[in-house]
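Structure record follows, encoded as structure tokens.
The numbers here are math on the coordinates, done by the rules we state, and not lab data. Bear in mind that the values here come from a model prediction, so they are computed numbers and not experimental data. Because the Cβ atoms are built from the backbone with ideal geometry, glycine has one as well, and the counts that use them run over all protein chains shown.
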Amino acid sequence: MLGKLIAAVIAIPVLLIAVIYGLIISQGPQERFSPSETSRMDYSILTKADLSGMPRVHNFTARDSALLPYRLYHAASKESRKIYLLHDIGWHGMALHRLATSIAYTGLGDVIVPDMRGHGASPARRGAVDYPGQLEDDLMDLIKQTSEPGDAIVIVGYSFGGSLAIRFAASHQSSVDARYILLSPFLGFNSAVNRADADPLLHPLSRRITGLELFDTAGLHIGGEEIALQLAYPESLRNDPLGYTATPDITWNTLSSLDPKGVLGPGLKSMNEGVLVIAGQQDELFDASKYKDEISKYSSNVDVEIIGNADHINLVNSPKILAIIQNWLSM
């Protein structure tokens, strides 16, 4: 009897691990997506953007000694404010060149635009980071190396860069007293902000994610290098001369570093000076009209500005966005 009990105790965890592993391998990444599964957004806004005057790339040293790239846009007038612009998942800091240039030109502050680890022209491992939370640590290291004591810190996160800002506030706000601006932020895969008729850009591998989450819950932190999210970019972007800089496959470690699941409330509550959300009424992924209600669940100090003729990609290039940011920072 005792031998059967011991065998059952051993067999149950093994069986559970086998079931979880089965979930992970049952849904592998796709090589290509059908036309109906492929994003229909206009990516020429990114690939044909005027990049004249773009500053050279600098590097900062992360805590693991990796050299990571960023661009510095000097303010037109001396201002003890540092503004960090965080790009969306899949692309890189070049998408924010026009906004960074405009902010710096007004003299609001020096603007720092990093390429997230795993993104950009030549990352060490495209789409990958070493552990969940590493992108927050990278941002902390960047701020330490590019700001001075007494500088006012502003963190502006766009889409998944917005969710990174939320995660950063949850984990590092006690170390960095920053103000936060979120541009069409990603609030999680189950958020009410997500459009029911959203553009088919994001393809989370749901069964695989469930299995990886179960492994993490059990303390078995394996599978971090497995692809967990794919971005269904159109062939026009993939074949563009800048197509090689896109990052369509995102690992579990990277997705875990960007998904605000579990920290959405703490992150928003940590934004002591309130939060400004700017979204486009024509956003193809998120319903701008729902941001106020969603974020107000966690923070009573939220301002939401909706730009009528802006969609998800061209929001950051809207001529109206600069005045909104200026007005809010002056409050």
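Comparing Asp216, Asp130, Asp199 in a Gaussian network model of the chain where C-alpha atoms under 10 Å apart are linked, the largest mean-square fluctuation is found at Asp216.
Which percentage, to the nearest 5, of the DSSP beta bridges contained in the range 55-329 is antiparallel? Let's see the in-between values first.
Values: 16 of 41 bridges.
Here the antiparallel bridges make up roughly 40 percent for the range 55-329.
Taken over the chain, the percentage of Cα pairs per 10 Å bin, counting from 0 up to the bin with the maximum distance, is 6, 26, 35, 22, 7, 3, 1, 0, 0.
Annotation: lysines with alpha-carbon distance below 26 angstrom to Lys78 (same-chain offsets under eight excluded): Lys144, Lys320. Between the beta carbons of Lys320 and Asn190, assuming R0 = 25 Å, the FRET efficiency works out to 0.25 to the nearest 0.05.
I'd like the GluC sites (Glu not before Pro) in the range 251-331 restricted to DSSP loop residues with at most 13 other Cβ atoms within 10 Å, sorted by number. Hits after loop and neighbour filter: Glu273. Using a simple spin-label model with pseudo-atoms 7 Å out from Cα toward Cβ, Lys78 and Gln281 lie 4.4 nm apart. Comparing Val302, Val113, Val129 in a Gaussian network model of the chain where C-alpha atoms under 10 Å apart are linked, the largest mean-square fluctuation is found at Val302. If the segment from Leu220 to Gln145 were pulled out straight at 0.36 nm per residue, it would be longer than the present Cα-Cα gap by 23.6 nm.
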